[in-house]
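So the structure is just underneath, and the comments pick up after that.
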Amino acid sequence: MASKTMKDLLIMELRDIYDAEKQGLRGMNKVARKVTNEKLKEALSNHKEETEQQVERLKQVFELLDQRPRGKHCDAMEGLVSEAQEILEEGLEPEVLDAAIIAAIQKIEHYEIASYGTVHAYAEAIGNQEVAKLLEQTLNEEKKTDELLNKIAVGEVNKKAMQAAA
Ligand code: FE
Ligand code: FE
Ligand code: FE
């Protein structure tokens, strides 16, 4: 068997993130229903729509690489989603739960940022600018989501969570 190349490695990573996005989408839907804070609700619902576009973007990427869009089970995302769901069972005050949900979703975003950072760099390394551009678009969306969640947590949700405990 011929040794695998950088392009093969890129495709392996793309299959992981393709599956991770789809798992994340299902996980996010379940968790989002338990959110109280309006800004957080809106942020999650916007990112849900964004994520659906990200899945479509990955299909485009596979096509550009002459590959059938195919996922490979992402164990890491399974763990992150299952941790997010466990939080719902902890009996947290609604405002405290919001804070915990933000943390769980940020862990998911950080995994995605790592993954898209990698595939974007690989696409540039093999000189496929079209693919690199698409992946960079998603990378930026994940970063923006992470920053927005940070803002909502620090600016609002964490304070309300503190008051709930008082
Ligand atoms: Fe995503
Ligand atoms: Fe993975
Ligand atoms: Fe995301």
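The values are calculated or read from the model by the stated rules, or taken from the named source; none is laboratory data. The shown structure was predicted, so the numbers you read here are calculated from the model rather than taken from an experiment. Don't worry about glycine lacking a Cβ; one is built from the backbone with ideal geometry, like all the others, and counts go over all protein chains shown. Ligands, DNA and RNA are stripped out before the accessible areas are found, and what is left, the full protein with its side chains, is counted by its heavy atoms. Shrake-Rupley method; radii C 1.70, N 1.55, O 1.52, S 1.80 Å.
With point charges of +1 on the Cβ of Lys and Arg and -1 on the Cβ of Asp and Glu, referenced to the Cα centre of segment 1-95, which listed residue (Leu88, Leu25, Leu58) lies farthest in the positive direction of the dipole?
Farthest towards the positive end: Leu58.
Quick check for you: with a 1.4 Å probe and neighbouring chains kept, what is the accessible area per residue of segment 6-165, in Å²?
It amounts to 53 Å² per residue over segment 6-165.
Between rounded, prolate and oblate, where does the chain land on the alpha carbon gyration tensor, with a ≥ b ≥ c its root eigenvalues, rounded for a/c under 1.5, else prolate if a/b exceeds b/c?
Here the chain falls in the prolate category.
Give the peptides 123-130, 36-43, 93-100 in descending order of average Cβ contacts within 10 Å, highest first.
93-100, 36-43, 123-130
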